[in-house]
Amino acid sequence: MRRARGEKPKELPHGVASDKELESHNLCAAKLEDDSLCRGGKIQGRAFCYFHEPSLKKVREQGRAKGQEKAKERLLAIELNAPKLETPEDVRRLAVETIHQIRTGELGPKEGSVISAMIAHVLKTLPQDTNTDEDPADKLRKLLLEDD
């Protein structure tokens, strides 16, 4: 660890924690841009987390390249029509379909997260039933729990 403290290695542009800082910090020893310490868990037998361990730079680059290729494969054809989202039942169907696509690897978790946020937004914009005191979130919860 001392060898890395003298000069900031290019893999760790913001430096490494001092011995004093490490007395109260049992996680990754890399410093972040705001001079705080990384909160990632250390790799066993190493001083850094996966994202800061200098010896894993090539592995991370290969993983990023694979991830970018996978992301390109996940894109849907532009010819597909947008799903109809006019009722809570339509939203339920899209949510169930999205969950299935994430579980099977057809969509990645990032894409699923974005779709989930958009589903929540669309649900808020749907007209509300005025003849019920039921909360829209409870109504969607019931719809999601129904069997297909």
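The values are calculated or read from the model by the stated rules, or taken from the named source; none is laboratory data. No experiment lies behind these values; they were computed from the predicted model shown. All Cβ positions, even for glycine, are placed from backbone atoms using ideal geometry, and neighbour counts span all protein chains on display. These area figures cover heavy atoms from the full protein model, side chains too; ligands, DNA and RNA do not enter into them. Shrake-Rupley method; radii C 1.70, N 1.55, O 1.52, S 1.80 Å.
Consider the stretch 12-59. How many of its residues are surrounded by 14 or more Cβ atoms within 10 Å (Cβ to Cβ), of a type in the set (Lys, Arg) and not in a loop (DSSP other than H, G, I, E, B)?
Final tally of qualifying residues: 1.
Could you identify the single residue in Glu97, Glu111 that is more than 12 Å from Leu140 (Cα to Cα), among the acidic types (Asp, Glu) and open to solvent by 60 Å² or more (accessible area, probe 1.4 Å)?
Glu97
Return only the number of the condition from (1) under 30 Å from Pro13 (Cβ atoms); (2) at pLDDT 75 or above; (3) of a type outside the set (A, V, I, L, M); (4) open to solvent by 80 Å² or more (accessible area, probe 1.4 Å) that Lys70 does not satisfy.
Looking at each condition in turn, Lys70 falls short on (2).
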